[in-house]
Amino acid sequence: MTGPATTPAPWWRDAVVYEVYPRSFADAAPDGAPDGVGDLAGVRERIPYLQRLGVDAVWLTPFYVSPLADGGYDVADPRRVDPVLGDAAGFAALVADLHGAGLRLIVDLVPNHTSAEHPWFRAALAGDPAARERYRFVDGTPDTPPNDWESVFGGPAWTWSEQAGAWYLHLFDPSQPDLDWRNPDVVAEGQDVLRFWLDAGVDGVRIDVAHGLLKADGLPARTPESLAAGAAAPPEFAHVRAHPGAWNQPEVLDVWRSWRSLADTYAGERLLVGEVFLPELDDIAQYVAPGLLHQAFDFRVQACGFDAAELRATIAPALDAFGDRAAWVLSNHDLVRHATRYGGGERGVRRGLAVTTLLAGLPGALYLYQGEELGLEQAEVPPARWQDPQGRRGGRSRDGARTPMPWTADADHGWPGGSWLPFGEVAGRSAAEQDAASGTLAAYRRLLALRRRLRELPPEGAPAWLDTPAGVCGLRRRLGGIEVGVLLNTADQAVRVPLDVTDVLIASDGEPLVGEGVVTLPAESGAWVRLRP
Ligand code: GLC
């Protein structure tokens, strides 16, 4: 007799997903001289690099036709590849090559807003009443905006259009008008764009501002309470706290239910992962209720300092809420790179690798951002070269996280056509140098390779937090009959952890010392150890 059939876990549950910001990844210029802007052909060329790194999937940030007012998140044609980055045939070739290499691809959809260059918005300004209904236009006079909402990028969230004789809402840049998700055309178009990319063979989508789209009835102004909550919040959560009427409206979940129904009609577990940039775990968890999104990023973890107790207090409830549907993320194209957040220099890189070692050992998917495997830090981009509207509107410029990948140690770092943004301090950090040395890249490869081997072992039960001394946190996981301890020491000195360890599987820095009933973790390091059962 055979035992009950077990369905294998869907691919995305324990995937390592690598975010590619295509303009800064690799410039292949298939039909001419390199132009200083990365492209889809560049991604194709670097597939062997991604394979060797050991990731399972690529998430490609927007590569659609765009006037680039917000790095491509201002989409003028959501079905067409920007000619600077490639074309439909190049996209199909990328899908085929990635799949041929055993990698998946997810693309980024931007349903909250369009570019002001989108034909719908142009028609709306030109007076087409049906087009106007698809956005949030409000009649009035040029001196009084409809409410006091601010844009995430700074300045008012309303712009007066002389041409339309009305205000329109933009939670981001004025060139990113918000759509009205109560309008049936908008709902239908959202489904159609999703269908278009699923038909093109992508394995899933990352949904931009998935907690946006719907706004509260009557567009209520901020209140003294919400203003105070915004002022008290960490900067990245300040806008949602101050503007409860602009985000996280219950009806947005209906949109994700309908997207999920559509995605489920496709073979192969197409993934919906939401950028749900909310500070409360209970709110984030609503987005991954049965029948909704598969995963939602939990950005509370990146907001933690390099502090074992804080990380544990943040991760533990997330594990309870999401289990193996968690989506761990430390860095992306919007955040300050984590090596810099953790103090910068060699120390910041070492700390980053330590926390990554912890996250990689948890159930769930791990999202990496291009360049973190090289130990890249946030680059200093001179204001004259800022491209990011957030910087230009008085906020923190995100360009420093978006500088090009240094492929070689040469002066051009593998970008012979120049580069649209300058490089940061990348001495010693290029992929070529890291390839040769036993640097961060080698450490990421070892970590991801071990993760691959261990995930072949069926998890038995939920992980359990270990009783650890101050400065250390860690969990015990039972995988296919072996017991693995996943540990992080954030103290600036070695810490003795009372644990019965048989051997060290991997360590982010130095070599943990295994003694009788105790393991000594080097300062600021992460490790996986095998525990005596
Ligand atoms: C998301 C993107 C960010 C963009 C914003 C508006 O937060 O990650 O880069 O500016 O949405 O589309």
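The values are calculated or read from the model by the stated rules, or taken from the named source; none is laboratory data. Model, not experiment: these values are computed from the prediction. Here the Cβ positions follow ideal geometry from the backbone for every residue, glycine too, while neighbour counts run over all protein chains shown. For accessibility, only protein heavy atoms count, side chains too; no ligands or nucleic acids. Shrake-Rupley method; radii C 1.70, N 1.55, O 1.52, S 1.80 Å.
Dividing the helix sum by the residues of the chain, where each DSSP H run of 4 or more adds -39500 (n - 2.57), gives a mean residue ellipticity at 222 nm of -8000 deg cm²/dmol.
Estimated translational diffusion coefficient (Stokes-Einstein, Kirkwood radius over Cα pairs, 37 °C, 0.692 mPa s) of the range 210-307: 225 µm² per second. Restricting the calculation to alpha carbons of the range 318-387 gives Rg and Dmax of 13.9, 46 angstrom. Here Val472 sits with roughly 10 square angstrom of accessible surface, probe radius 1.4 Å.
Legend: P(r) of the chain from all alpha carbon pair distances, 20 Å bins from 0, whole percents, reading 21, 55, 22, 1. Between the amide H of Phe299 and those of Leu278, distances stay under 5 Å, these residues lying 5 or more places away or on another chain, with hydrogens modeled in the peptide plane. Close amide H contacts of Leu531 (hydrogens built in the peptide plane, cut-off under 5 Å, sequence separation of 5 or more or a different chain): Glu483, Val484, Gly485, Thr502. Summed over all non-identical Cα pairs, the Kirkwood treatment of the range 301-435 gives a radius of 16.0 Å. Would you work out which of Leu53, Phe63, Ala242 lies farthest towards the positive end of the dipole of the chain? Charges go on Cβ: Lys and Arg +1, Asp and Glu -1. Sorting the options by dipole projection puts first Leu53. For the range 323-339, 3J(HN,Hα) computed residue by residue from phi via the Karplus equation (6.51, -1.76, 1.60; θ = phi - 60°) reads x, 7, 9, 5, 10, 7, 8, 10, 9, 7, 6, 9, 8, 5, 3, 5, 4 Hz, glycine and proline entered as x. Only protein heavy atoms count here; under a 1.4 Å probe, Trp386 has an accessible surface of about 80 Å². Computed 3J(HN,Hα) for the range 187-201, one whole-Hz value per residue from the Karplus formula 6.51 cos²θ - 1.76 cosθ + 1.60 where θ = phi - 60°, is 4, 5, 5, x, 4, 5, 5, 4, 4, 4, 7, 5, 5, 6, x, glycine and proline marked x. The calculated FRET efficiency for the pair Glu225 and Glu269, based on their C-beta separation and a Förster distance of 60 Å, comes to about 0.90. In order along the range 212-224, the Karplus-derived 3J(HN,Hα) couplings, from 6.51 cos²θ - 1.76 cosθ + 1.60 at θ = phi - 60°, round to x, 6, 8, 10, 5, 3, x, 6, x, 5, 5, 10, x Hz, and Gly and Pro are given as x.
Beta bridges per DSSP, both residues in the chain: antiparallel share near 60 percent.
Relative contact order of the range 237-298: 34 percent, from C-alpha pairs under 8 Å at least 6 residues apart in sequence. Taking amide H atoms as placed 1.01 Å from N in the peptide plane, the amide H of Leu171 lies under 5 Å from those of Asp178, each 5 or more residues away in sequence or on another chain. Expressed in Å, the radius of gyration and Dmax of the Cα atoms of the range 445-516 are 12.7, 35. Of the residues Leu319, Ala123, Pro512, the one whose Cα sits farthest towards the positive end of the charge dipole of the chain is Pro512 (charges of +1 on Lys and Arg Cβ, -1 on Asp and Glu Cβ, taken about the Cα centre). The separation of the range 1-74 from the range 337-395, counted between C-alpha centres, amounts to 18 Å.
Here the chain is assigned +1 on the Cβ of each Lys and Arg and -1 on the Cβ of each Asp and Glu. Its dipole about the Cα centre then comes out at about 1160 debye. Computed with a 1.4 Å probe over protein heavy atoms only, the accessible area of Phe196 comes to about 80 Å². Given a 1.4 angstrom probe, I'd like the percentage of the accessible area of the chain that is carbon and sulfur, rounded to a whole number. Taking all protein chains in place, the chain shows 53 percent carbon and sulfur surface.
Among beta bridges from DSSP that stay inside the range 1-133, the antiparallel ones total about 20%.
When all protein chains stay in place and ligands, DNA and RNA are ignored, the 1.4 Å accessible-area order of Arg122, Arg350, largest first, is Arg122, Arg350. Once C-alpha pairs closer than 8 Å and six or more residues apart are averaged by separation and normalised to the residue number of the range 130-222, the relative contact order reads 27 percent. Each principal axis of the Cα atoms in the range 413-469 has its own extent, and those three values, largest first, are 53, 30, 24 angstrom. Which value in Å is the Kirkwood Rh of the range 177-247 over different Cα pairs? One over the average 1/r among Cα pairs gives 14.4 Å for the range 177-247. Normalised radius of gyration (Cα atoms, divided by 2.2 N^0.38 Å) for the range 143-220: 1.31.
On a per residue basis, the chain carries 38 Å² of accessible surface, using protein heavy atoms and a 1.4 Å probe.
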